[in-house]
Structures are given as structure tokens and as C-alpha cells.
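Only one structure is covered here, and it is reproduced in the block below.
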Amino acid sequence: MGSLQHFLNSPISVPFSPNLNHRRSFFLRACLNLDVHAPDSVKPKTHLKSREVMEMEGKVLVGTYARNPVVISSGKGCKLYDPEGREYLDCTSGIAVNALGHGDPDWVKAVVEQANLLTHVSNVFYSVPQVELARRLVACSFADRVFFTNSGTEANEAAIKFARKYQRFTNPDEKQQVTEFISFSNSFHGRTMGALALTSKEQYRFPFEPVMPGVNFLEYGDVQAATELIKSGRIAAVFVEPIQGEGGIYSATKEFLQSLRSACDDAGSLLVFDEVQCGLGRTGYLWAHEAYGVVPDIMTLAKPLAGGLPIGAALVSEKVAAAIKYGDHGSTFAGGPLVCNAAIAVLDKISKPGFLASVSEKGQYFKELLIHKLGGNSHVREVRGLGLIIGIELDVSASPLVDACRDSSLLILTAGKGNVVRLVPPLIISEQELERAAEIILECLPALDKTS
């Protein structure tokens, strides 16, 4: 049976940061190990123990994942449980997927009802949930039309094809077609061959080269270099994440995105915002680019859209859609009734102004709390982010801290070059849970001293 770290709290006089909006007491920390049982409603239904599952995985699955030594068998809200019943606080959300947490009742209802009605018919036929979800996405975004996929990398593959087709459609007489792309340092756009070519990390691309040619990598935020290359007339589209997740939680500046928009307009290039990780409420805005007042021609979505079921989408303007004809692209599974009905439930909740405001408020509180608690540590370089996508940059590898937090029942991620802690909890997380997460991170910081 696992144990969960709790803290005996006694108030002390500590100057409170004026940046923190919430007036709360800070406490001395004394550790107390208490056995914690999973609630009956989320007790795992497997007879296998964690060790047995991990041993079996090593025998039957392709070894593409360096997994954490934890088996997750059930979850509720922001809590996850292993087969032995140990409880974990989830600040990973399945890599920014489970925006409504685990087992949201409205999401479960939408899935169960649709599963009993119709699960899959393919895109040979019309289906109501697909059309209804597309209508909702168009209504709450810049877009005029939607193309559904099964993942974020597929959404970016669609954007690549749409950009190439758009250039051929608008310049049919050009002998030298416009086919090149711009991507940026620290970018991540997926692992299929086209999206992989747009991803900056060489270790992802090198084993599979040659990948798609014609991709130009520039420094993220370099206005002059991007503007000059776009003006060359060779660029079909510019792919950029308004906030880079995998790359290390780096936010674009308004000037940078505005300059890309202006240069693309002048040259006839398309501007593609990859919001697979930062979109759909994660920043406290429905779409991350709304914080900058800049609108793309294409926006790619995926992770949180169906609340844990596989879905992706490319949202496009009418001028892009006009270039796409029957047979230009397609998918057997994309936009199926089951995933689309789940996505409607997610979108309806997240798009409410009160929900978005709560994400913004909790994100600001969490970031300020982390700065207050961790800012004095010599290993902490910066705490950054927007809403509930937050990065803690360290001067050493973040892995020992991630491991120590896991041992203390907090699940977190790394990003960047491995020296950034990535915090992407469910958007429903409470302030109390955020405080507990910050406290555990603080308690576990000494793990970094052992590797420095």
C-alpha cells in the first residue's frame, strides 16, 4: 500500500509577496506519512499488480517510451490511482489532454449516450455530432471551416497539405511553385514525417531522414529574419506555436506574431498557429492567440478537445478552404460521432467565460505562488507561462525533481532541453490542490543538489 506525504502546518511570520492576490498564511513543513486508500468509486478493477504490468509491457510493446515507473489504473478529478490504490495529484493531464480532469460526469454522459447510439460510420456519410462540433468551433473562432483529424500531428499534416494546395490554387501559372515552410527553434509539431520535418529537435528527425525538404528553421522571436525570408516569396506557410509547450514554455511576443501576420499578408504566405497544446482554455483564453490580437489563416488543435479521446482539427479561413477539393485529403476515423460528441461536452464547458476566468485566476495565483516559494532557490532560473501552462526553468536537469515529486505523489513533466519542469494540470484543479503541488515541489527541491 502506498503512502502520501502530508504536512503538519504551523504559522510563521514570513513577509507575504505583494504580487500574490490571495491573502494566505505560509507554514512550517513537517512531514507525516499516512496511508491513503483510493475511494471505492475509483478502486482499480485489475487483478494485476504494478510490477506485473511493467514486466508484461517490456515483453509485448515496442520500446518507444521511457515510461515513469508508475501504472495508472483509475482516476477521478485531479487524482490518479495505481493498482495498489496509491493516490497521485495529476499536474500532467495526460500531457495537457484531460482539461476537465478524470471522469467528468458530463463528459462521461456524452460518451456513454453516443456509444449507445452510434460510434463510427466513416466520412462516406454525414453524422450529426461532427457537423454540430464544427458549427460550434466556427462560431467561437476566427475560422470559417473545419477539417477533423485523429491527433495533433495529423492536424499539422493537414495544414501542410492545405498550404501547398493553397499556393498552387492561387498561383496556377507559376512555373516554380511556392512550397517551402518556416518553423522555429524549440518547436514541436508532431512525429509523422511532415510534422516531424517542422520540429526543431534534431534527435527527433535524424533517425528518419530524409524528412520533408523545404523547411527553414529560424530563431523563435526573430522578427527581422522571419520577415526577410517571408518576403523572398518562397514560403508557402509559417508554422508557429503562440506558446511553446514541448520546447520549454516559451511565449511569443505580440510584436513577433504581428510581424509574421503582416509579412505573410504582403507575400501571400499562410500563417499557421499550432495550438495543439496551448489552445482551448489552457492559457485562460479560449485560443492562445487571442492574448496577442493576431489571427491565423489556419489553427491546429488536438490534445484537450475530446477530453481524452483521440481527435485533432485544422480550423481554416474561407480562402484556404476554397483551395481544397473532394479527394484532396481524408481520414477513415476522423470526426467520428463518439469523439465529436465528447468534444462538444468539453467545448461547451471550457468556452464559458466564467470557466476561462477561473483558469486565468488560478494560473496567475499558481505562478506567483511558485515564484514566492521557489524563487530563492539557486537552481531556479525562471518561472514562466500563462494560465495553467507553466514552466520552471532550472540550471540542471529536471529529472531528479520530477522523480522526487513522483515519490511524494505529485506527477509533473519535463520540457525544453530537459531542464524545464512543465506544469499542465487539469483546468478544473482547485487552489488547494495547486498549493499542495507547490508545497511538494518545494519539499523536493533538495533532490537537485545531489546532481549539481
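Per residue, the chain reaches -10500 deg cm²/dmol at 222 nm when only DSSP H runs of four or more residues are counted, each adding -39500 (n - 2.57). Relative to the Cα centre, the charge distribution of the stretch 136-189, modelled as +1 at Lys and Arg Cβ and -1 at Asp and Glu Cβ, gives a dipole magnitude of about 120 debye. The label point for K325 and the one for L117, both projected 7 Å from the Cα toward the Cβ, are 3.6 nm apart. Here's how it looks for R381: its modeled amide H is under 5 Å from those of E393, L394, D395, which are all 5 or more places away or on a different chain. Summary of packing: across the peptides 360-373, 118-131, 215-228, the per-residue average of other C-beta atoms within 10 Å ranks them, highest first, as 360-373, 215-228, 118-131. Here the relative contact order of the chain, from alpha carbon pairs under 8 Å that lie six or more residues apart, stands at 19 percent.
Centroid-to-centroid, using Cα positions, the stretch 179-234 and the stretch 101-139 are 34 Å apart. Is the stretch 354-448 best put as rounded, prolate or oblate by its Cα gyration tensor, with a ≥ b ≥ c the root eigenvalues, rounded for a/c under 1.5, and otherwise prolate when a/b is larger than b/c, oblate when not? Since a/c reaches 1.5 and a/b is larger than b/c, the shape of the stretch 354-448 is classed as prolate.
Show the residues, 5+ positions off or on another chain, whose built amide H is closer than 5 Å to the amide H of C140. The list, which skips near neighbours in sequence, is empty: none. Put the Cα centre of the stretch 384-404 next to the Cα centre of the stretch 55-81 and the gap is 22 Å.
Can you tell me the FRET efficiency between D106 and R135 if r is taken as the Cβ-Cβ distance and R0 is 22 Å, rounded to the nearest 0.05? Display every interim value, and only then the final one.
Details: r = 19 Å, r/R0 = 0.87.
Once rounded, the FRET efficiency stands at 0.70.
Please compare each pair in K303/K417; K161/K254; K161/K352 to a cut-off of 24 Å on the Cα-Cα distance and tell me which ones are over it. Pairs exceeding 24 Å: K161/K254; K161/K352. Here the Karplus curve 6.51 cos²θ - 1.76 cosθ + 1.60, taken at θ = phi - 60°, turns the phi angles of the stretch 59-70 into couplings of 9, 10, 10, 5, x, 8, 10, 8, 6, 5, x, 9 Hz, with x standing for Gly and Pro. Please say if the stretch 171-266 is rounded, prolate or oblate, where rounded means a/c under 1.5 for a ≥ b ≥ c the square roots of the C-alpha gyration tensor eigenvalues, and otherwise the choice is prolate for a/b larger than b/c and oblate otherwise? Oblate is the answer for the stretch 171-266, as a/c is 1.5 or above yet b/c matches or exceeds a/b. Computed 3J(HN,Hα) for the stretch 223-237, one whole-Hz value per residue from the Karplus formula 6.51 cos²θ - 1.76 cosθ + 1.60 where θ = phi - 60°, is 5, 5, 4, 5, 4, 5, 5, 4, 5, 5, x, 9, 9, 6, 7, glycine and proline marked x. For a paramagnetic label modelled on L61 (point 7 Å from Cα along Cα→Cβ), amide N atoms under 18 Å away belong, within the stretch 78-100, to 80-84, 92-98. Solvent-accessible surface of the chain, averaged per residue with a 1.4 angstrom probe and all protein chains in place: 46 square angstrom. Taking Cα atoms only, the orientation of helix 105-117 departs from the longest principal axis of the chain by about 50 degrees. For K49, the lysines whose Cα falls under 29 Å of its own Cα, not counting residues fewer than eight places away in the same chain, are K59, K76, K79. Output the 0 to 90 degree angle, nearest 10, between the alpha-carbon long axis of helix 254-267 and the longest principal axis computed from the alpha carbons of the chain. Taking Cα atoms only, the helix is inclined about 20 degrees.
Normalised by the number of residues in the stretch 80-198, what is the relative contact order in percent for Cα pairs under 8 Å and 6+ residues apart? Intermediate values should be presented prior to the final figure.
Details: 52 pairs, mean separation 18.2, N = 119.
Taking the mean separation of contacting Cα pairs over the length of the stretch 80-198, I get 15 percent.
Working note: Karplus 6.51/-1.76/1.60 with θ = phi - 60° gives the stretch 158-165 the couplings 4, 5, 4, 5, 5, 5, 4, 5 Hz, where Gly and Pro are set to x.
In the chain, carbon and sulfur make up what percent of the accessible area (probe 1.4 Å)? Intermediate values should be presented prior to the final figure.
On the way: 11130 of 20760 Å².
Carbon and sulfur atoms account for 54 percent of the accessible area of the chain.
Could you tell me which label, among (i) 22, 51, 25, 2, 0; (ii) 24, 56, 20, 1; (iii) 20, 46, 27, 7, 0, carries the value of P(r) over Cα pairs in 20 Å bins from 0, in percent calculated for this structure? Only one option fits the structure, namely (ii).
The values are calculated or read from the model by the stated rules, or taken from the named source; none is laboratory data. Because the structure is a prediction, the values reported are computed rather than measured. As a convention, Cβ positions derive from the backbone with ideal geometry for all residues, glycine included, and neighbour counts pool all protein chains shown. Heavy atoms of the whole protein, side chains included, go into the accessibility calculation; ligands, DNA and RNA do not. Shrake-Rupley method; radii C 1.70, N 1.55, O 1.52, S 1.80 Å.
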